[in-house]
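The values are calculated or read from the model by the stated rules, or taken from the named source; none is laboratory data. Bear in mind the structure is a predicted one, so any value in this text is a computation, not a measurement. Cβ coordinates were reconstructed from backbone atoms using ideal geometry, including for glycine residues, and neighbour counts include every protein chain displayed. For accessibility, only protein heavy atoms count, side chains too; no ligands or nucleic acids. Shrake-Rupley method; radii C 1.70, N 1.55, O 1.52, S 1.80 Å.
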Amino acid sequence: MRLRNKPWAEEMITNHPEVIVPNPEDFKGNWQVVFGNNNPIHIEVGTGKGQFVTGMALQNPDINYIGIELYDSVIVCALEKVLEAKSPANLRLLKVNGADLNKFFNKNDVARVYLNFSDPWPKTRHAKRRLTHGDFLKLYESILVDNGEIHFKTDNRGLFEFSLISISEYGMLLKYVSLDLHANMPEDNVMTEYEQKFSAKGQPIYRLESQFITKL
Ligand SMILES: C[S@@+](CC[C@H](N)C(=O)[O-])C[C@H]1O[C@@H](n2cnc3c(N)ncnc32)[C@H](O)[C@@H]1O
């Protein structure tokens, strides 16, 4: 993601607390207060410019979505998208680091984690930064419901191979794997910005769904 300095971003973020939750730690274990219902919560870590999470919220009004993005200059683009979509009631954004998820969510707060076109961190010494590294899987498990799921899409073959091994070593169940999602596009697939860009270049899109297995 190319980052442009946007000095106005911080002000725009603070001006929209109805979309970008200002103190997310206040709602740990209590997100139903934010959404006004008990519907399941699906989060996307590394939301980028927000096309996926906004599209999903419009497509599935009975699910609550939270898009999580680290950078001001990127999350403002997601904010603009959410405002264009007339701020769906089932959608919020958090400007936080995905590595801190357990500051904002308790066990059982989240039903599904989406990871879309996560930064690949190709150098071996940076493997721990990959959002499908075992340390991150442990973090997701600590906020997910029992048998919660991770859905992952990427154009990066190396990251996909790493993720398959990481998920398998963690003892998760693989429920779905595609090495070319667009060859047989599911009707309900919502494209991300990166997915549009890479598929337009003819690159295959890899996708998997995996599930934590309750340890007895
Ligand atoms: C390659 S972009 C993909 C964006 C979007 N998901 C898509 O598919 O178009 C990865 C995004 O993840 C964000 N990101 C990376 N690490 C993150 C972290 N630890 N917490 C939150 N966001 C993160 C980056 O800032 C960037 O916007």
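Could you tell me the relative contact order of the chain? Use alpha-carbon pairs under 8 Å, at least six residues apart, and round to a whole percent. Don't skip to the end; give the middle numbers.
Working: 391 pairs, mean separation 42.5, N = 216.
Relative contact order for the chain comes out at 20 percent.
Return the tail of the calculated pair distribution for the stretch 46-145, meaning the percent of Cα-Cα pairs more than 23 Å apart.
Distances greater than 23 Å cover 28 percent of the Cα pairs.
Take every DSSP beta bridge with both residues inside the chain and express the antiparallel ones as a percent of the total, to the nearest 5.
Details: 11 of 31 bridges.
Taking every DSSP beta bridge with both residues in the chain, the antiparallel ones total about 35 percent.
Name the residues of the stretch 148-173 whose amide N is less than 18 Å from a point 7 angstrom out from the Cα of ALA183 along the C-beta direction?
Only 153-158, 160-161 fall inside the zone, counting backbone N under 18 Å.
Label-point separation (nm) for VAL145 and MET12, each offset 7 Å from Cα along Cα-to-Cβ?
Spacing of the two 7 Å Cα→Cβ label points: 3.5 nm.
Using r as the Cβ-Cβ distance of ASN38 and ASN5, and R0 as 41 Å, what FRET efficiency do you calculate, to the nearest 0.05?
Numbers: r = 41 Å, r/R0 = 0.99.
Efficiency at R0 = 41 Å is approximately 0.50.
Exposed loop chymotrypsin sites (Phe, Trp or Tyr not before Pro) only (DSSP loop, at most 16 other Cβ atoms within 10 Å): please give the longest stretch of the chain free of them, not including the sites.
On the way: sites that count: TRP8, TYR71.
Within the chain, the longest run free of exposed chymotrypsin sites (Phe, Trp or Tyr not before Pro) spans 72-216.
Between ALA89 and ARG129, how high is the FRET efficiency from 1/(1 + (r/R0)^6) when r is the Cβ-Cβ distance and R₀ = 41 Å? Nearest 0.05.
Details: r = 34 Å, r/R0 = 0.83.
Efficiency for this residue pair is about 0.75.
So which GluC sites (Glu not before Pro) in the stretch 159-216 pass both tests, a DSSP loop state and at most 10 other Cβ atoms within 10 Å of the Cβ? Write down the numbers at each step before the final one.
Details: sites: GLU161, GLU169, GLU187, GLU193, GLU195, GLU209; in loops: GLU187.
Passing sites in the stretch 159-216 are GLU187.
Roughly speaking, to the nearest percent, how much of the stretch 20-209's 1.4 Å accessible area is carbon and sulfur?
Values: 4300 of 8850 Å².
C and S fraction of accessible area: 49 percent.
What is the dipole size for the chain, taken about its Cα centre, with +1 at each Lys and Arg Cβ and -1 at each Asp and Glu Cβ, in debye to the nearest 20? Could you put the intermediate results ahead of the total?
On the way: 25 positive and 27 negative charges, 131 e Å.
For this selection, approximately 620 debye.
Given the convex hull over the Cα atoms of the chain, what projected area results after averaging over all orientations, in nm²? Don't skip to the answer; put the middle values down first.
Numbers: hull surface 48.5 nm².
Average projection, Cα convex hull of the chain: 12.1 nm².
Starting from 0.36 nm per residue, how many nanometres of slack lie between GLU80 and LEU174 once their C-alpha separation is accounted for? Don't skip to the answer; put the middle values down first.
Numbers: separation 94, 0.36 × 94 = 33.84 nm, distance 3.51 nm.
Result for the pair: 30.3 nm of gain on full extension.
Which aspartates and glutamates have a Cα lying under 13 Å from the Cα of LYS49, excluding residues fewer than 8 positions away in the same chain?
Here the aspartates and glutamates satisfying the reach criterion relative to LYS49 are GLU69, ASP72, GLU80, GLU84, GLU193, GLU195.
Can you work out the accessible area per residue across the chain, with the rest of the protein chains kept in place, probe 1.4 Å, in square angstrom? Intermediate values should be presented prior to the final figure.
Details: 11030 Å² over 216 residues.
Solvent-accessible surface per residue comes out at 51 Å².
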